[in-house]
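*Asks:* First the structure, then my questions, so here it is.
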Amino acid sequence: MKIFSFCFASLILIPTLPAQVPDAPAGGGNTTIVNNQQKDEPKPFVGNDMPFLDPGSETASWNGKAWNVTNNRLIRGRFEKYLAAPEDDSEQDQAYRKVVNEIIQALTPKQGALPNLNKAVGLLPLAAEFPIDARLCDAIASAIYTVWMVQKNEAAMVAANKAMEKEIGDLAVRVEVGAEGNKMDSDNSSGGGGGKGGAGGTPGQTKKQNPPTKGGGGSPAQDLSQFTRLGIDTQKILERQAMRTANTLKFGINELKSKLEFQALIVQLFLQRRFQHVLISCRIYNNMFSGQDRELKIKEGSDVEKMFAKGLGVNPTISTLETFASEAIRDVDEGVKSFEYSLDKQELQTASNRLLEAFGIGEYLPRVRTLERKKKERILEFTRDFNMLISSCEMKDFGRADEILSKVKSRSTDFDDSKFRAAIESSKAGANMHIESAKMAAMNKDTKKVEDEIKAATLLWPTNPGLTAFTKDLSETGNIQTRIIMDFDSLLAQQNYRQIAKDMVKYSGAMINMPEKAEKLKEVLEKVKKSETAVIKADELAKSDNAWGAWESVQEALIEMPDDSELNKRGSQLSSQVSDFAQALARAKALEAKKQYGASLAWFLKAKRIYPVSRLAKEGIARNADAILPDPGASNLNLPPPTKSTAPEISELLPPPTKVAQ
């Protein structure tokens, strides 16, 4: 159960799982590691809880929600793609599986024989050449190469440390000998004067002592000799000891980094359900880090650590992953065997569940990939019918659901149709009861009751044939008022006001006792009346060779009825004749919206020059003038009279209007 739940969680969450590489100390010459980064608050792993699959009910609990696995789009699409694909039984696939088996066998300890690591590593590049491998063996080989380079550097560091140890020993001997020599020189210089008089002195006169110097108490020549011999040798000893310590720490850091990278690769392969690659990488890891700590160095409290702790129930180690990989391979083999047994007995539901479980655990294992296509096609047909059955029930198409349910039941001897049958029959019965109530209300001329019952029946079973027959009976048996009101609501929703006005006598008669509907009808008739007035006015102006006035009349009416067919038709016919006038107004309105009142005023003036009696141009000029000079008393100021300018008027600069030919 834990293996299936954990692998199913991996199947869902692999696309969104962030890479979890444990923290490693920084390399380089600096061996002091300081981490001042603030710790983030622990975040939940992809939601509030871990995803968990219950194979008994075929539901998964994830982020506080439960949903059906077989009806999940991601799982369903992936599973159906597998069912429709041919079996991987080509010569290339067989060759790849042979190479992988040879690698695993070479790494398996046997009685009287140790694992052949060199042979396994040599076969990794060959396995990586096959497309099905997805270059995963190359990734394992790269991790091995990194470890080997670290171990090679270790050997060089060990040799360097040994050489420095020998050098430190030689320097220590030199320092010790030099210290003894300085001591003897000091003793000779202090005791060479003898007794009274001494050598080189007069009788009765004592030898005068030289005062000590800062350097070391002797002569300058002795101090310089001590510095050149003892000081340099002592400094070299300290330097060599520091270098040894740095090499040791650097190797420890590099070894830890290579180990963490290898472990991260193994974890990634496990999450991808590449269990054969997990076996290979775990056994190579055990050979390369023999006798060392095999516990996975995953950051405590991280998402990956929580996932392993909840999914596997134990603290993860390399041996744990290898054991679970082997168990997963065995579980997949048994699942496929159970699938084939159920398929032979025509138990397609059980066979589908067993195959889905095996696929969810070991999608890339040979036992799953080599399954015959004919066997998978039977499950594919059953799965598609079952998914259509669920979709039909969700969309409340119970007539189609009943047909599919009978088809699925006849194919699978173990299919339990009780839940589906109960849902279908209860919905049908409820819908039919509402239709009967609507019939009684129609006999009593209770229009409101009829509408409510029809809505209730539609919500339960939208495609009910009885509902269609009832609405047909309403129109045939004389319940004209209900049908007329329904037609009116439909036309009103479509904003087809002209059709309503055309049949206004029919609608007004049906709305005698319905004031709300009558008010809506009145509003529609007012709009149509304004539209007809505008159309008649436009036609008359067009006949009198005034296309600008006709177009302007249509545009004013379109403000209230933008979807009126007749108005739009007249506007399209006239727009080509008044293009300059229409473009000037459009440009003026656009500039006015941008608060560029001066430029807008100029375009409105141009439109007015083209059509001097234009109401739209006149109103636009007034608006822009008020925007430029908002103070109404500005014209009453005692200002000197304006001087006559020799510059031409703006209207004189504009092109003359073009006469539109009718």
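The values are calculated or read from the model by the stated rules, or taken from the named source; none is laboratory data. Here the structure is a predicted model, which means the values were calculated and not measured. Cβ sites come from the backbone with ideal geometry, for glycine too, and all protein chains shown count toward neighbours. Surface accessibility is based on the protein's heavy atoms, side chains included, excluding ligands, DNA and RNA. Shrake-Rupley method; radii C 1.70, N 1.55, O 1.52, S 1.80 Å.
*Asks:* Mind checking the log10 I(q)/I(0) for region 472-618 at q = 0.09, 0.11 Å⁻¹? Debye, one equal scatterer per Cα, no solvent, two decimals.
*Replies:* The Cα Debye sum returns log10 ratios of -0.42, -0.56.
*Asks:* Same structure again: Need the full-extension length gain, Gln495 to Lys98, defined as separation in residues times 0.36 nm minus the C-alpha distance. One decimal, nm.
*Replies:* In short, 135.7 nm is gained.
*Asks:* Charges on Cβ only, +1 for Lys and Arg, -1 for Asp and Glu, centred on the Cα centroid of region 413-478; of Met440, Asn464, Thr413, which one is farthest towards the dipole's positive end?
*Replies:* So the residue furthest toward the plus end is Met440.
*Asks:* Can I ask one more? Given the Cα-Cα distance of Asn444 and Trp148 and 0.36 nm per residue of separation, how much length would full extension add, in nm? Walk me through the numbers on the way to the answer.
*Replies:* Working: separation 296, 0.36 × 296 = 106.56 nm, distance 9.31 nm.
Here the answer is 97.2 nm.
*Asks:* On the protein heavy atoms, probe 1.4 angstrom, tell me the percent of accessible surface of region 494-571 carried by carbon and sulfur.
*Replies:* Values: 2400 of 4550 Å².
Carbon and sulfur: 53 percent of the exposed surface of region 494-571.
*Asks:* So if each residue of separation counts as 0.36 nm, and I subtract the Cα-Cα distance between Asp626 and Ser406, what length gain in nm does that give?
*Replies:* 71.5 nm
*Asks:* Return the subset of Lys98/Lys119; Lys522/Lys569; Lys337/Lys374; Lys449/Lys517 for which the Cα-Cα distance in this structure is over 19 Å, preserving the input order. Write down the numbers at each step before the final one.
*Replies:* Values: Lys98/Lys119 14 Å; Lys522/Lys569 25 Å; Lys337/Lys374 16 Å; Lys449/Lys517 17 Å.
Exceeds cut-off: Lys522/Lys569.
*Asks:* Let me ask you something else. Search the structure for amide H atoms under 5 Å from the amide H of Gln495, placed 1.01 Å from N in the peptide plane, and list their residues when 5 or more places away or on another chain.
*Replies:* none
*Asks:* Next up: Magnitude of the Cβ-charge dipole of region 366-429, K/R +1 and D/E -1, about the Cα centre, nearest 20 debye? Could you put the intermediate results ahead of the total?
*Replies:* Working: 16 positive and 12 negative charges, 92 e Å.
Charge dipole, region 366-429, about its Cα centre: 440 debye, nearest 20.
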